[in-house]
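Okay, structure first, notes after.
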Amino acid sequence: MVKVNVPMWCMGGPAGFCNNPTYGFQLPYKQFRRNDGTWFRADGGYEGYVPALACPAHGGPIKEQVLNLCDYCSKCIADCDGRPMFGCGRGNDNVYSCDGFTERKRNES
């Protein structure tokens, strides 16, 4: 299972990572500016920076929304040696977990 790499903080110091299952990158959202100049999300969700994949609590998609984890993997599908897990119960099956997954950088195509 792919885990979130969002750093967590406690009392101003590092406290590890989120470690919740993730299914994709942070989704786009609307932001508004308060009178004091700070920003907030219109839906009240997490507004912090997520450097890569994000769990639903940190603005990422839920399992049913993701199309295919292979879209975020750096390996070629033909050369993949992983054992993917398929299915979300809606429409076409998707790969939601794979032991051979290696994250692709956002600017790779």
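The values are calculated or read from the model by the stated rules, or taken from the named source; none is laboratory data. This one's a predicted model, so the numbers in the text were calculated from it and none came from an experiment. All Cβ positions, glycine included, derive from the backbone under ideal geometry; neighbour counts span all protein chains shown.
Only one of (1) touching a His at 6+ places or on another chain (Cβ under 6 Å); (2) closer than 13 Å to ASN94 by Cβ fails for TYR72. Which number is that?
(1)
To keep it simple, each residue is scored yes or no on (1) at pLDDT below 80; (2) not charged (D, E, K, R).
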site: ASN35; (1), (2): no, yes
site: ARG41; (1), (2): no, no
site: TYR46; (1), (2): no, yes
site: TYR49; (1), (2): yes, yes
site: VAL66; (1), (2): yes, yes
site: CYS76; (1), (2): yes, yes
site: CYS88; (1), (2): yes, yes
